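The values are calculated or read from the model by the stated rules, or taken from the named source; none is laboratory data. Note that this is a predicted model, so its numbers are computed, not measured. Quick reminder, even Gly has a Cβ in these numbers, built from the backbone with ideal geometry, and neighbours come from all protein chains shown. Calculation scope for accessible area: heavy atoms of the full protein, side chains included, ligands and nucleic acids excluded. Shrake-Rupley method; radii C 1.70, N 1.55, O 1.52, S 1.80 Å.
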Amino acid sequence: MRGGIGLTKRELFAAMALQGFMANKEHAKWFDPDEDAAYVVRIADCLLKALEDNA
């Protein structure tokens, strides 16, 4: 399902998680784009599963 801005829920949740990481100035000290990208996608997948399981 795509939202009004042309993103899937998964893409939106991942973007929001990454935005949270980037807002943390301490995170910049150990930022790893590849690792963080994989992690936020995992967060999005877990959130979608939790929402589905609790629907």
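Values for this structure:
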| quantity | calculated |
| --- | --- |
| Hits in the range 36-55 - residues which are exposed (fewer than 10 other Cβ atoms within 10 Å of the Cβ) and outside any loop (DSSP other than H, G, I, E, B) | 52, 53 |
| Every pair of residues 6+ apart whose Cβ atoms lie under 9 Å, when the first sits in the range 16-38 and is modelled with pLDDT under 90 while the second is among the aromatic types (Phe, Trp, Tyr) and not in a loop (DSSP other than H, G, I, E, B) | 21/39; 27/21; 31/21 |
| Selection from the range 16-33 of residues that are under 20 Å from residue 46 (Cα atoms) and of a type in the set (Phe, Trp, Tyr) | 21 |
| Identity of the residue in the range 1-35, aromatic (Phe, Trp, Tyr) and out of contact with any His (no Cβ under 7 Å at 6 or more places or on another chain), that ends up least open to solvent (accessible area, probe 1.4 Å) | 13 |
